[in-house]
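Just below is one structure, and these are the notes that go with it.
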Amino acid sequence: MIALRSKADYLKIRAFSGQQQTVIVVGDGFIGSEIAAGLAQSNTQVIYVVAGQQLFERKLPTALCQELEQKYRAAGVKFYYQKKAAGYQVEANQVELLLDDGTKLLGDGLVLGLGAEVNYQLAQQAGLLMDQNGVVVNQQLQTSATDVWAAGDIISYPDVILGQTKSEHVKHAIQSGYVAGQNMAGKVTDYTYTPYFYSWIFDISWEALGMLDTRLQMYQEKLTKGQLIYYFDDHQQLQGILSWNAAVDLDHLRNLFRQHPSLSTLQQVLPLKQIK
């Protein structure tokens, strides 16, 4: 069983995949979905365990969830929807995964893509101010202790576009770490980078800014190639943008988001269609 955290973990996955071996993947987030797709394209039989009724059902419109699923099924991936892992054991070089409904799955390897928990212990022991998003910092990434700066996954910071938020993203970790270092060295620098999330699965690529949540109102803009999905709250304020297989300048989307346009404003200039 492997939890993907490092290059060494990746090499272990490579060792028990390929050559038509069977690998079980649990988790339909970024890690799970990308690992399942990668294995399916590497001469591996993939069994994919998904907690929801569809892939990314909490983030993507139904039609896009279905488009993704078709890509996996065409590659031979076998799905177990609305199932969760309850336990596993390894015997005779095979892993047996027990699902919460009693189903037993056999494979040559098991990959868990179930996310991670942020460790706030040091910040808590230091008495730093925290909120629901993590360690609270200002625009210079300074914490409530004037001689302590923080960066990366643990911070709750004032994003220049999204407002007070958190981000678990590699580019955010790099950029915020760099800015925190500058401020620690005496060069006063504001953190102004807004990260976007991205994934590339089979021949589908997508990028996203802000909040993707299917409980929001979703509107589609069809492009010559690909499409954009806009997410609005109950007050018709823009909360997120998804670029789906579209060659769109992400800085353009950032600039659009920075204006915080309402739904009615965008409808005056864009051909938007409400979708579910």
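Each Cα pair under 8 Å and six or more residues apart adds its sequence gap; the mean of these over the residue count of the chain is a relative contact order of 14 percent. For the stretch 253-263, the Karplus equation 6.51 cos²θ - 1.76 cosθ + 1.60, evaluated at θ = phi - 60°, returns couplings of 5, 4, 5, 4, 5, 4, 7, 6, x, 7, 4 Hz by residue, with Gly and Pro reported as x.
Only one residue of 157, 235, 268 has its Cα farthest out toward the positive end of the dipole of the chain, where Lys and Arg carry +1 and Asp and Glu -1 on Cβ, and that residue is 268.
Sparsely packed loop sites in the stretch 157-261 (the GluC sites (Glu not before Pro) outside DSSP H, G, I, E and B with at most 12 other Cβ atoms within 10 Å) do not occur. Taking all protein chains in place and a 1.4 Å probe, what share, in percent, of the accessible surface of the chain do carbon and sulfur account for? Roughly 49 percent, rounded to a whole number.
Taken along the Cα-to-beta-carbon direction at a fixed 7 Å, the label points for residue 138 and residue 205 span 4.0 nm. Summing Cβ point charges (Lys, Arg +1; Asp, Glu -1) relative to the Cα centre of the stretch 127-237 gives a dipole of roughly 220 debye. Taking 180, 40, 63 as the candidate residues, the one with maximal mean-square fluctuation in a Gaussian network model of the chain, Cα springs under 10 Å, is 63. Between residue 7 and residue 237, the simple label model (points 7 Å from Cα in the Cβ direction) yields a spacing of 4.4 nm. For a distance above 31 Å, tell me the whole-number percent of Cα pairs in the chain that qualify. Cα-Cα pairs in the chain separated by more than 31 Å: 39 percent.
Relative to the dominant Cα principal axis of the chain, helix 30-40 is inclined by about 40°. Under a model in which nothing but the beta-carbon of Lys, Arg (+1) and Asp, Glu (-1) is charged, the chain shows a dipole of about 440 debye around its Cα centre. Shown for the stretch 10-124: lysine pairs separated by 8 or more places, or found on different chains, whose C-alpha atoms are under 25 Å apart, numbering 12. For residue 275, the residues whose amide H sits under 5 Å from its own are 218, 219, 220, ignoring neighbours fewer than 5 places away on the same chain, with H placed 1.01 Å from N. Restricting to the chain, compute how many DSSP beta bridges are antiparallel as a %, nearest 5. Taking every DSSP beta bridge within the chain, about 70 percent pair in antiparallel fashion.
In this simple spin-label model, placing a label point 7 Å from the Cα along the Cα-to-Cβ direction at both residue 70 and residue 146 gives a separation of 6.1 nm.
The values are calculated or read from the model by the stated rules, or taken from the named source; none is laboratory data. Quantities reported herein were computed from a predicted structural model and do not represent experimental measurements. Glycine gets a Cβ as well: all are built from the backbone with ideal geometry, and neighbour counts include every protein chain shown. Heavy atoms of the whole protein, side chains included, go into the accessibility calculation; ligands, DNA and RNA do not. Shrake-Rupley method; radii C 1.70, N 1.55, O 1.52, S 1.80 Å.
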